Amino acid sequence: MFDLDAYFARIGYAGPRAPTLATLHALTAAHAQAIPFENLDVLLGRGIELGADALFDKLVRRGRGGYCFEQNGLFLHVLEAMGFRVQPRGARVRIDRARAETRPRTHMFLQVEIDGARWLTDVGVGGLSLTAAIRLDAKGEQATPHEPRRLIREDGRWFHQALLGGTWTDVYEFTYDEMPPIDREVANWFTSAHPGSHFKNRLIVARAASDGRRLTLVNGELKIRGRDGRAEARPVASAEALLALLQTEFSLRFPPETRFGPPGSPWPV
């Protein structure tokens, strides 16, 4: 039996447990604020396991974070244990990418059905992880505790977008294809081990704050973005400063000798 009590303690959730829309919204927000998105094990040369026990141990017991297959993998098990009707869906991340570029299908989000309506939740898309579920098959702007979202359909594809600084920005595209375990394993290998994966060549840690801000650490820069989409950047000057920042802002603790990536990496090492 999945240890829901331990998970709820990890994310600081003490609300209702009935599989309702209100519960889904609350869990999405609590998870995104408590469990940081991060790829640090990839940079440390450690394998990423997607089994339920491994996800629970890393993200709940050991207080770590992870990327989409870990974050949404754990959330999938939680929602199933609570009685939600939930399915994993595949997507292609489009952040900072032109639509003409064919991206690998290396993202997973969750579709949840409640009272005959379909909802999208996603606690694993980096600095744009959702803090509330949004309606699927819906047109128009949708509010969240952070930036507004919308879904649009163009050229036979759905695009999940976020409103950043007054501009609608593609987050990812999808076609409602389910993403079974074997597809997640293959995509997870590419994401964590292929030399061309951006997670092998970039340090990224992110979490949502309860006041509407987002904190995103990329390589040697911390970016703090408000609900209005405007952001300020702060440099991280040294490996020691990086470890301190990981602890104070993301609750990630590593031994003082820890270094992420080889010498010459574009972040403090």
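What follows is calculated from the coordinates using simple rules that are stated; it is not laboratory data. All of these numbers come straight from a predicted model, not from anything done at the bench. Note that each Cβ is placed from the backbone with ideal geometry, even for glycine, and that neighbours are counted across all protein chains shown.
Look at where the Cα atoms of region 162-191 and of region 228-263 average out, and the two centres are 26 Å apart. Our coupling estimate for region 173-180, obtained by passing each phi through the Karplus curve with A = 6.51, B = -1.76, C = 1.60 and θ = phi - 60°, is 10, 7, 10, 6, 5, 6, 10, x Hz, Gly and Pro reported as x.
Applied to region 146-161, the Karplus parametrisation 6.51 cos²θ - 1.76 cosθ + 1.60 on θ = phi - 60° returns per-residue 3J(HN,Hα) values of 10, 7, x, 10, 7, 10, 10, 10, 9, 6, x, 10, 8, 10, 8, 10 Hz, with x for Gly and Pro. Among the helices of the chain, those built from whole DSSP H runs whose Cα atoms reach 15 Å or more along their own axis and whose mean Kyte-Doolittle hydropathy is at least 0.5 are 21-34, 68-82, 239-250. With r as the distance between the Cβ atoms of ARG97 and LEU44 and R0 = 25 Å, compute the FRET efficiency 1/(1 + (r/R0)^6) and round to 0.05. E between LEU44 and ARG97, to the nearest 0.05, is 0.40.
Tell me the GluC sites (Glu not before Pro) within region 119-222 that lie in a loop according to DSSP and have at most 15 other beta-carbon atoms within 10 Å.
Details: sites: GLU141, GLU154, GLU173, GLU178, GLU185, GLU221; in loops: GLU141.
Sites meeting the loop and neighbour criteria: GLU141.
Simple point charges give the picture: +1 on the Cβ of Lys and Arg, -1 on the Cβ of Asp and Glu, and for region 79-188 a dipole about the Cα centre of about 180 debye.
Scaled against 2.2 N^0.38 Å for its residue count N, the alpha carbon radius of gyration of region 119-236 is 1.15. A simple count of charges around ARG230, restricted to other residues whose Cβ falls under 15 Å of its Cβ and scoring Lys, Arg +1 and Asp, Glu -1, yields +2. Computed from backbone phi with θ = phi - 60° and the Karplus coefficients 6.51, -1.76 and 1.60, the 3J(HN,Hα) list for region 51-57 is x, 4, 5, 5, 5, 5, 4 Hz; x is used for glycine and proline. Each of the peptides 161-172, 234-245 was scored by the mean count of other Cβ atoms within 10 Å over its residues; in descending order, highest first, they stand as 161-172, 234-245.
Using the Cα centre as the reference, give the magnitude of the dipole from point charges on the C-beta atoms of the chain (Lys, Arg: +1; Asp, Glu: -1; all else neutral), rounded to the nearest 20 debye. Can you show the working numbers first?
Numbers: 35 positive and 32 negative charges, 93 e Å.
Taking the Cα centre of the chain as origin, the dipole is about 440 debye.
Here the mean projected area of the convex hull built on the C-alpha positions of the chain is 13.8 nm².
The length gained on full extension between LEU21 and ASP183, counted as 0.36 nm times the residue separation minus their Cα-Cα distance, comes to 55.5 nm.
Loop-located trypsin sites (Lys or Arg not before Pro) in region 139-168 (DSSP state not H, G, I, E or B) with no more than 11 neighbouring Cβ atoms inside 10 Å: LYS139. Computed as a quarter of the hull surface, the mean projected area of the alpha carbon convex hull for region 1-117 stands at 8.5 nm².
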